[in-house]
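**Q** If you scroll down you'll find the structure; I have some questions about it.
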Amino acid sequence: MKDIVVFGTGPIAELAAFYLTEDAGRRVAAFTVDSDFATGPSFGGLPLVAFEDLEARFPPEGHDLFVALAYTQLNRLRRAKVDAGRARGYGIAHYVSSRATRFSTFEAAENQFILEDNTIQPFARIGRNVTLWSGNHIGHHSTIAEDAFIASHVVVSGGVSIGARSFVGVNVTIRDHVTIGADCVIGAGALVLRDIPDGSVLAPGGTEVSKVPSHRLKRI
Amino acid sequence: MKDIVVFGTGPIAELAAFYLTEDAGRRVAAFTVDSDFATGPSFGGLPLVAFEDLEARFPPEGHDLFVALAYTQLNRLRRAKVDAGRARGYGIAHYVSSRATRFSTFEAAENQFILEDNTIQPFARIGRNVTLWSGNHIGHHSTIAEDAFIASHVVVSGGVSIGARSFVGVNVTIRDHVTIGADCVIGAGALVLRDIPDGSVLAPGGTEVSKVPSHRLKRI
Amino acid sequence: MKDIVVFGTGPIAELAAFYLTEDAGRRVAAFTVDSDFATGPSFGGLPLVAFEDLEARFPPEGHDLFVALAYTQLNRLRRAKVDAGRARGYGIAHYVSSRATRFSTFEAAENQFILEDNTIQPFARIGRNVTLWSGNHIGHHSTIAEDAFIASHVVVSGGVSIGARSFVGVNVTIRDHVTIGADCVIGAGALVLRDIPDGSVLAPGGTEVSKVPSHRLKRI
């Protein structure tokens, strides 16, 4: 296994380096970001190098790249860096937690970031550069297209299709056989019972705060 | 262990054969359906035989039956086939995922279909022919009566009772000590805070699509 | 390891003794409650002794204490008993399920009760005397302050803060970077998208029962 260079210096990059090291047994050699964002010579105790100059110190012969970005520009930024790294000869790593449930039908792909306690049922397909944060249910015969970002505790029932680059927030519920288009933003807690066209936004309102404070509750 | 004949030719039958083989180490010998639905001589690479003639090729001396149907007729069809198989001398198999969390108080029963990442807390009781799809929480001292179908990510809190044949959709939330009657249909995403009589239907509406498309969102 | 005395005689005490014995391999020697609540000489097949007289039969030299109470008085009662036990020289035990996902950044603390199938991501911090019932997601860089009670299937996203003694009901969804004050009561199924001040109550209404009974549904 080659060492890994992690693209990013945010919390997701910090997490990715942690998971790759502690759970996957990979060695992380450095972090990299575009030179405009390289604020110093190191991050998280490792060298931080400008992405433009990466080959000089961490060439593709000895290093894979993992792009640890969130859903900025609806996941286009993460994808662009994956494409750039590949074009420059880097192998693109992926991370699938040892604590994610999956079966022999599962196929890993480049830059997937699949965290602990996800359930990927048999016959589900997950595209490249997809993030499955934690504890999601990806039902049988469902498809998550490339570059999507699925937060946590999302229920993707059976036979669902989620389009490329879509963002699905925490605890969203998607009924079986629903098709969600590309470039959608499904906010936390949404309930999706019907097909949703490309570029849709769903944004449930939060629960109101009651006028009664907790010290006046009688049953607790 | 006897070989298993799986009743059904839908996605659930395909899944059941997969789980029984890959996870439980059982050998699936054939599929069976009523003769009116037997569309050919094989399904999924195995013989497909009419249920009426099952004994001729796959007799009960060497084969158990597992009925892999969904909740058609509010779970009555699945139950009828279990009863018919038992009356004809077949042992009725069950499947409890090796990745379901349960404790020494759990007792398996005929035709249970309990998938990965379910949590069955101590002192919970699950009836025969119950389906627990994936990732449900079945709280301590709760009872799921026979023939019920619980989808995925359902929270059955502590001390809850769910009546026979009831269907509970994905991501339903049931508060502690609530009693749900028999033959209820609780739609995806419902929040159940009070007792519900026999035959009740709860059907939350889905989240509306926003008028603003995703490419006009500023924060993403 | 010392034997454990469990404070309480309710369902949570019964569960705690079960988990400590079956999962953690600890030996539970007795139950204890305040003398006004000691209804007999035994509970669950073990001696039941008045807390006021505990040292006489189960002294701190040979016994740790675990306080198995729910969220009475917004978790103040449980905390008071922990403090009383510690002041009288007892070590305070904790229980973290062998089936809870956590990483090397996790630190256990006194009287934590962390059940199966919780996810505690890297860099999350959990205070002492916190209960995490089952199947919660505690996101990276989040903090659960001491004495809080988190029910089941709660999503605490990344960078969230939950204040001391707060109660969070089943299947509550908390968006990333939200701060919830101390002494809050967040009811089952609530969706929390904004910061919530100390002492707040959120109480979503349950789903209404439909006028159409299940036997008149055509699609099931």
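**Q** For chain A, set up a GNM with springs between Cα atoms under 10 Å and report which of A:ALA203, A:ALA30, A:ALA100 has the largest fluctuation.
**A** Sorting by GNM fluctuation, first place goes to A:ALA203.
**Q** Divide the volume of the convex hull of the Cα atoms of the range C:1-71 by its number of residues and quote the answer in cubic angstrom per residue.
**A** Taking the convex hull of the Cα positions in the range C:1-71, it is 83 Å³ per residue.
**Q** Taking springs between alpha-carbon atoms closer than 10 angstrom, which of A:GLY205, A:GLY91, A:GLY135 fluctuates most in the Gaussian network model of chain A?
**A** Ranking A:GLY205, A:GLY91, A:GLY135 by mean-square fluctuation puts A:GLY205 first.
**Q** Next up: Give the long-range amide H neighbours of C:LEU202: residues separated by 5 or more places, or on another chain, with amide H under 5 Å away, using H modelled in the peptide plane at 1.01 Å from N.
**A** Residues meeting the criterion, in which the H sits 1.01 Å from N, are A:SER210, C:VAL185, C:ILE186, C:GLY187.
**Q** Would you mind listing the distances between the A:LEU46 label point and the same position in each other copy? Use 7 Å along Cα-to-C-beta, nm, one decimal, shortest first.
**A** 4.6, 4.6
**Q** Using θ = phi - 60° and the Karplus relation 6.51 cos²θ - 1.76 cosθ + 1.60, list the HN-Hα couplings for the range B:39-46 in order, rounded to whole Hz, with x at every Gly or Pro.
**A** Running phi through 6.51 cos²θ - 1.76 cosθ + 1.60 with θ = phi - 60° gives 7, x, x, 8, 8, x, x, 10 Hz.
**Q** Right, another one. Nearest 500 deg cm²/dmol is fine: what mean residue ellipticity at 222 nm does chain C get from its DSSP H runs of n ≥ 4 alone, each adding -39,500 (n - 2.57), divided by its residue count? All intermediate terms of the calculation are to be shown ahead of the outcome.
**A** Numbers: 3 runs with 28 residues, N = 220.
The per-residue figure over chain C is -3500 deg cm²/dmol.
**Q** Could you pull the copy-to-copy label distances for C:ALA87, with points set 7 Å along Cα to Cβ, in nm to one decimal and sorted shortest first?
**A** Ordered by distance, the counterparts are at 6.9, 6.9 nm.
**Q** Normalized C-alpha radius of gyration of the range B:144-184, against 2.2 N^0.38 Å?
**A** Normalised Rg, Cα atoms only: 1.01.
**Q** Continuing with this model, one more query. Express in whole angstrom the spacing between the alpha-carbon centres of the range C:68-93 and the range A:140-190.
**A** Cα centroid of the range C:68-93 versus Cα centroid of the range A:140-190: 43 Å apart.
**Q** How many Å³ per residue does the convex hull of the Cα positions in the range C:101-220 occupy?
**A** Spread over its residues, the Cα hull of the range C:101-220 gives 118 Å³ apiece.
**Q** Sticking with this structure for a sec: Which of the residue pairs B:LYS2/B:LYS81; A:LYS81/B:LYS211; B:LYS211/C:LYS218; A:LYS81/B:LYS218; C:LYS2/C:LYS81; B:LYS81/C:LYS218 have a Cα-Cα distance greater than 25 Å in the structure shown? Please report the intermediate quantities before stating the final value.
**A** Working: B:LYS2/B:LYS81 19 Å; A:LYS81/B:LYS211 31 Å; B:LYS211/C:LYS218 32 Å; A:LYS81/B:LYS218 22 Å; C:LYS2/C:LYS81 19 Å; B:LYS81/C:LYS218 22 Å.
Among B:LYS2/B:LYS81; A:LYS81/B:LYS211; B:LYS211/C:LYS218; A:LYS81/B:LYS218; C:LYS2/C:LYS81; B:LYS81/C:LYS218, the Cα-Cα distance tops 25 Å for A:LYS81/B:LYS211; B:LYS211/C:LYS218.
**Q** So who's got an amide H within less than 5 Å of the one on A:ASP3, skipping anything under 5 residues away but keeping other chains? H placed 1.01 Å off N, in plane.
**A** Residues meeting the amide H criterion: A:ASP64.
**Q** Tell me the angle of helix B:76-87 to the major Cα principal axis of chain B, expressed in degrees between 0 and 90 and rounded to the nearest ten.
**A** 30 degrees
**Q** Please order C:SER152, B:SER142 by the number of other Cβ within 10 Å, starting at the fewest.
**A** B:SER142, C:SER152
**Q** Got a sec to turn the phi values of the range C:149-161 into Karplus ³J(HN,Hα) couplings, 6.51 cos²θ - 1.76 cosθ + 1.60 with θ = phi - 60°, whole Hz, x for Gly and Pro?
**A** In residue order, the calculated couplings are 10, 10, 6, 9, 6, 6, 9, 9, 5, x, x, 8, 10 Hz.
**Q** A further question follows. Please sort by residue number the GluC sites (Glu not before Pro) in the range B:71-127 whose DSSP state is loop and whose Cβ has at most 15 other Cβ atoms within 10 Å.
**A** B:GLU107
**Q** Relative contact order of chain A, please, whole-number percent, based on alpha carbon pairs below 8 angstrom and at least 6 residues apart.
**A** With pairs under 8 Å counted, the relative contact order is 11 percent.
**Q** Based on the alpha-carbon gyration tensor of the range B:119-171 and its eigenvalue square roots a ≥ b ≥ c, which shape applies: rounded if a/c is under 1.5, prolate if not and a/b is larger than b/c, or oblate?
**A** Oblate.
**Q** Report, in cubic angstrom per residue, the convex hull volume of the C-alpha atoms of chain A.
**A** 167 Å³
**Q** Given the options C:ARG78, C:ARG165, C:ARG194, which has the most mean-square fluctuation in a GNM of chain C, springs set between C-alpha atoms less than 10 angstrom apart?
**A** Maximum among the listed residues: C:ARG194.
**Q** Nearest 10 degrees, 0 to 90: what angle lies between the long axis of helix B:11-22 and the longest principal axis of chain B (Cα atoms)?
**A** Its long axis makes an angle of about 70 degrees.
**Q** Could you give me the ³J(HN,Hα) list for the range C:93-109, computed from phi with Karplus coefficients 6.51, -1.76, 1.60 and θ = phi - 60°, whole Hz, x at Gly and Pro?
**A** In residue order, the calculated couplings are 7, 9, 10, 10, 4, 5, 9, 8, 7, 8, 10, 5, 7, 6, 10, 6, 8 Hz.
**Q** Turning to a different aspect of this structure: Of all trypsin sites (Lys or Arg not before Pro) in the range B:5-73, which ones are in loop regions per DSSP and have a Cβ with at most 13 other Cβ atoms within 10 Å?
**A** B:ARG27
**Q** Next question, about the same structure. Search the structure for amide H atoms under 5 Å from the amide H of B:ILE92, placed 1.01 Å from N in the peptide plane, and list their residues when 5 or more places away or on another chain.
**A** Those qualifying (amide H under 5 Å, at least 5 residues apart or on another chain) are B:LEU65.
**Q** Between the label point of A:SER35 and that of the same position in each other copy, find the distances and list them shortest first in nm, with every label point placed 7 Å from Cα along the Cα-to-C-beta direction.
**A** 8.0, 8.0
**Q** Now a separate question. In a solvent-free Debye calculation with one equal scatterer on each Cα, what is log10 I(q)/I(0) for the protein assembly as shown at q = 0.06, 0.08, 0.11 Å⁻¹, listed in the order of the q values?
**A** For the protein assembly as shown at q = 0.06, 0.08, 0.11 Å⁻¹, log10 I(q)/I(0) is -0.36, -0.64, -1.15.
Each value in this text was obtained by applying a stated rule to the coordinates, not by laboratory testing. Because the structure is a prediction, the values reported are computed rather than measured. As a convention, Cβ positions derive from the backbone with ideal geometry for all residues, glycine included, and neighbour counts pool all protein chains shown.
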